[in-house]
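The values are calculated or read from the model by the stated rules, or taken from the named source; none is laboratory data. The model shown is predicted, which means the values in this text are computed figures rather than measured ones. Virtual Cβ from ideal backbone geometry, glycine too; neighbours counted across all protein chains shown.
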Amino acid sequence: MNARIREKIKNIKLLIMDVDGVLTNGDIVLDENGKETKVFNVQDGFGIVLLQRAGLKTAILSARSAGAVTARAKDLKIDVIYQDAYPKSAAYQSLLSDFNLKDDQVCFIGDDLPDIEILKKAGFSVAVENAAEEVKEKADYITKCKGGCGAVREVIELILKTQKKWAALLKKYDV
């Protein structure tokens, strides 16, 4: 990782995550009644918990809306959740205001075209491995893991290690 990226990461105080394709693998599963279900990665979830324990804030910013997202966000104690946010720019500005932060204090993880506007604004922009090529071109960092398969955890560990907060968190687990 180059010095420019390290400097960007040192400023991060808020992690904003897209849902479909980032916190999930992008599949949308509907039952015969039209009820949507999603599959979330447990390591991504625990990474979010660790990030919060380190004092950083978390948010979900999705153009879609799903009860499964609301339930997962509540379970993980996500600080703020915006669903049905399309375009995402107004919700992003609200998040900055909610937390009294500037663009350079935000990490955003996205995967598809509606995320580009936010990727261009965020201080540290991340595309998941399976993101659209146009998204990857705008990102500061591209994960090794695919969305829904540990990409969020990968970014969280990168942030916490760069900010020198990882080792203190590991002590609780006798590592």
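Only one residue in Thr24, Thr70, Thr58 is in a loop (DSSP other than H, G, I, E, B) and either exposed (fewer than 13 other Cβ atoms within 10 Å of the Cβ) or modelled with pLDDT of 95 or more (or both), so which one is that? First the steps, then the outcome.
Values: Thr70 fails: in a loop (DSSP other than H, G, I, E, B); Thr58 fails: in a loop (DSSP other than H, G, I, E, B).
Only one candidate qualifies: Thr24.
Return a yes/no flag: does region 137-151 have any residue that is out of contact with any Lys or Arg (no Cβ under 9 Å at 6 or more places or on another chain), closer than 13 Å to Leu14 by Cβ, in contact (Cβ under 8 Å) with a residue 60 or more places away in the chain and outside any strand (DSSP E or B).
no
Could you grab me the full set of residues in region 27-55 that are closer than 26 Å to Thr162 by Cβ, of a type in the set (A, V, I, L, M), surrounded by fewer than 18 Cβ atoms within 10 Å (Cβ to Cβ) and touching a residue at least 12 places away in the same chain (Cβ under 8 Å)?
Val49, Ala54, listed by residue number.
Read through the list (1) in a helix (DSSP H, G or I); (2) within 24 Å of Asn25 (Cβ to Cβ); (3) touching a residue at least 60 places away in the same chain (Cβ under 8 Å); (4) not basic (Lys, Arg), then give the number of the only condition that Leu95 fails.
Against the list (1) in a helix (DSSP H, G or I); (2) within 24 Å of Asn25 (Cβ to Cβ); (3) touching a residue at least 60 places away in the same chain (Cβ under 8 Å); (4) not basic (Lys, Arg), Leu95 comes up short only on (2).
It is to be established whether one or more residues within region 118-136 are touching a helix residue (DSSP H, G or I) at 6+ places or on another chain (Cβ under 9 Å), among the acidic types (Asp, Glu) and touching a residue at least 60 places away in the same chain (Cβ under 8 Å).
no
For region 133-147, indicate whether the set of residues that are within 19 Å of Leu56 (Cα to Cα) and in contact with a strand residue (DSSP E or B) (Cβ under 9 Å, 6 or more places away or on another chain) is non-empty.
No, every residue in region 133-147 fails to be within 19 Å of Leu56 (Cα to Cα) and in contact with a strand residue (DSSP E or B) (Cβ under 9 Å, 6 or more places away or on another chain).
What is the number of the single condition among (1) part of a loop (DSSP other than H, G, I, E, B); (2) surrounded by fewer than 14 Cβ atoms within 10 Å (Cβ to Cβ); (3) out of contact with any strand residue (DSSP E or B) (no Cβ under 9 Å at 6 or more places or on another chain); (4) modelled with pLDDT under 95 that Arg4 does not meet?
(1)
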